[in-house]
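The values are calculated or read from the model by the stated rules, or taken from the named source; none is laboratory data. Small disclaimer: the values here were computed from a predicted structure and weren't measured. Methodologically, a virtual Cβ is constructed for each residue, glycine included, from the backbone with ideal geometry; neighbour enumeration extends over all protein chains shown. What goes into the accessible areas is simple: the full protein's heavy atoms, side chains included, and nothing from ligands, DNA or RNA. Shrake-Rupley method; radii C 1.70, N 1.55, O 1.52, S 1.80 Å.
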Amino acid sequence: DIGSNAVGIGSHVLLLDTEFSEEMDVYLVGSSESDPDGNRISNESPIGEAILGHKAGETVEAFTPSGALKFKILKILE
């Protein structure tokens, strides 16, 4: 457990899509528990990999099939 200072598996994270100014509320889970429709994203997904280990206030870049997306980690709500 890396605590609530950085995003880890099991973290409940509030993200901001910087391009569309949309907030996303997601849970970072292991690949077997992933459920994108239920806001549960896998640590192996592009967004999951991008936010893993980062802290609130940081902006990360996720390389998705539709291109690079930037997200600001607003809060870690664990």
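For the ranges 6-17, 51-62, 29-40, what's the packing order if you count other beta-carbon atoms within 10 Å of each residue, average per peptide, and put the highest first? Intermediate results must be reported in sequence, preceding the final value.
Details: 6-17: 18.4, 51-62: 15.2, 29-40: 12.3.
The packing order, highest mean first, is 6-17, 51-62, 29-40.
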Below 14 angstrom from the Cβ of P36, what's the summed charge of the other residues (Lys, Arg +1; Asp, Glu -1)?
-4
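At a 1.4 Å probe radius, which order do F63, F20 fall into by accessible area, largest first?
Working: F63 145, F20 120 Å².
So the residues, ranked largest to smallest area, are F63, F20.
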Among T18, N39, G67, whose Cα lies farthest out toward the positive end of the dipole of the chain, if unit charges sit on the beta carbon of Lys, Arg (+1) and Asp, Glu (-1)?
T18
Jot down the radius of gyration and Dmax of the chain, Cα atoms only, both in angstrom.
11.2, 32
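Report, in deg cm²/dmol and to the nearest 500, the calculated mean residue ellipticity at 222 nm for the chain, where each DSSP H run with n ≥ 4 adds -39500 (n - 2.57) and the sum is divided by the residue count.
Values: 1 runs with 6 residues, N = 78.
Computed ellipticity for the chain at 222 nm equals -1500 deg cm²/dmol.
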Total charge dipole magnitude, the chain, about the Cα centre, Cβ charges on Lys, Arg, Asp, Glu only, Debye to nearest 20
220
